[in-house]
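Data block below; observations after.
Coordinate-derived values only; no laboratory data. Please read these numbers as outputs of a predicted model, since none were measured by experiment. Please note: Cβ atoms are built from the backbone with ideal geometry, for glycine as well, and neighbour counts cover all protein chains shown.
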Amino acid sequence: MKFCWVLKQVVKGFFEYVFFFIFFLFRIKILLSPKSVKVLNDKPLSDKADFDSLVDYFYEENKRRRILGGTRVLYTGFRSCNGLDADAIEGCSRFLPLAAIYSETLGDSSAQKNEIRGFIRKAISLGCNPKSIGYWGDPQPYSQLICEMADIALALWLAKEWLWKEFSDGDRRRVLDWLRKGVFQPVVENNWHLFVIQIELVLRSFGEPVDVSQWRIDIVKSFRRSSGWFKDGSDGRIDLYSAWGFNYSFYWMRQIAPEFEKEFIESSITEFGESYVHLINGDGTMPFFGRSVCYRLSLASPLLASSHIDVGGVSRRQAIRALKESWSFFISKGAVEDGRITQGIFGDNESLVDEYSGPASPMWSLRSLIIAYYQEHIGVPTFDVKGGCFPVEISDFDIMLGEDGVRAKGCKHLNEVRIEFPYYTKSECKRSLSSKILRFVFQLKPFRSTKHIDHGRVFVTSSNDYTDEKIE
């Protein structure tokens, strides 16, 4: 058994070197191609035209870096432990939902609309076809592909009105069959259960006879703490995955299947929004804690969700101000560069990058834009909304986050929010040097380990003044 495991790792390592060589050749081609004429406008974003310009900027660089029919996109940056192919697939899958909903807001005669939809159609058709060189592959137990399948399923649902008509019967069957492969695989015991449920709900929306895994939602319910916060798995603690992991998935489950676990999902979204809004200061930033800080530009997602689901909770003005201020603030600090979102809080900082995060992983930051454009499309006032104040701009406060003794304290005078922990935080994963060397030599895996940004601290603040430090 051990010999078979070793042999499997050697084979995986061999293919990783093959991918390295092939992608190296593609990267040379990309470097020699003309750069986009689109320039990032660093003035504050205030209306839909500003956000359209931002999406166009991301789209043009995504287009320039596509390979294999658009099924992979080769961004530059620190690679992940999931392999070069998985990193390249993320470049496509994490952009697809934004491309799908953005195309809905463009005029029917728009050449850009036809181009974007052509990309979506081709990428999904080739990616789900086992006979295509761009095939995304069969999902394996605990594989990163299951996570990406949830985004691809969402893109499929958002584009359903036009895409399904343009697919042949064979395309439709291959897409649905490929998605079905993801619902039977074991996943990590945390928010990953929601990826599978989202895929199941999308399949049902297309008429597939799929049973939604009630046992998975029951596991997710066991992670819930007070005020809509969720632990990062049964042995974890609350962190901002409650925002860009749990809450985001809940919102789309509510849109795809409004009656599914309606009470639980709506209460989770609204209660979390009312608590979470306290973390944002007048600059549009917040104190970051936990893992995957590179998703920070999805900061406004929970407020957009809450203000849509519950009109009496988080105000629409607060949600839209958070969207505009956060993107404007982080762009001004260098979080968007060369058509991509950087791997860090502001610029690139490898010490803040988890081992499972690759060059395209920060594109989960696009989640706030995906919700915003979706809400604009269905008639919910979005980009034209102005005003709104955050709690820290009104008065001081001291509230509990969840049930683990974590507190958020706001100081109006300083425009600062501080999160205090009743314990010293610590990393979840730390590998030995010999293990890192072996993983690098045989499988080209990165040296870094998964570390929480608040590692070794008892508090963090919205000033994020530790982000230039190396986390040891």
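Would you mind working out the magnitude of the charge dipole of the chain relative to its Cα centre, with +1 at each Lys and Arg C-beta and -1 at each Asp and Glu C-beta, to the nearest 20 Debye? It would help to have the intermediate numbers written out before the result.
Numbers: 61 positive and 60 negative charges, 307 e Å.
Charge dipole of the chain: 1480 debye, to the nearest 20.
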Segments 153-163, 20-30 sorted - mean Cβ within 10 Å per residue, highest first: 153-163, 20-30
Over the range 38-390, relative contact order from alpha-carbon pairs under 8 Å, at least 6 apart, %: 21
Linear extension gain, Arg173 paired with Ile219, 0.36 nm per residue minus alpha-carbon span: 13.5 nm
Cα gyration tensor, the range 370-419 - rounded (a/c under 1.5), prolate or oblate: oblate
Footprinting exposure proxy for Ser33, Ser132, Ser328 (fewest neighbouring C-beta atoms within 10 Å first): Ser33, Ser132, Ser328
The range 18-38 versus the range 191-211: alpha-carbon centroid distance in Å: 35
C-alpha center-to-center spacing [the range 217-292, the range 324-399] in angstrom: 16
Three-way shape label, the chain, alpha-carbon gyration tensor, a/c 1.5: rounded
Helix-derived mean residue ellipticity, 222 nm - over the chain, DSSP H n ≥ 4, -39500 (n - 2.57), to 500: -14500 deg cm²/dmol
Ordering of 351-362, 383-394, 292-303 by burial proxy (mean other Cβ atoms within 10 Å per residue, highest first): 292-303, 351-362, 383-394
Among the listed pairs Lys48/Lys409; Lys48/Lys181; Lys43/Lys63; Lys386/Lys412, those beyond 30 Å (Cα-Cα): Lys48/Lys409; Lys48/Lys181
Order of Ile309, Ile197 under a 10 Å beta carbon neighbour criterion, fewest first: Ile309, Ile197
Cα gyration tensor shape of the range 229-333, rounded if a/c is under 1.5, else prolate or oblate by comparing a/b with b/c: oblate
Residue order, fewest to most surrounding Cβ atoms within 10 angstrom, among Met253, Met286: Met253, Met286
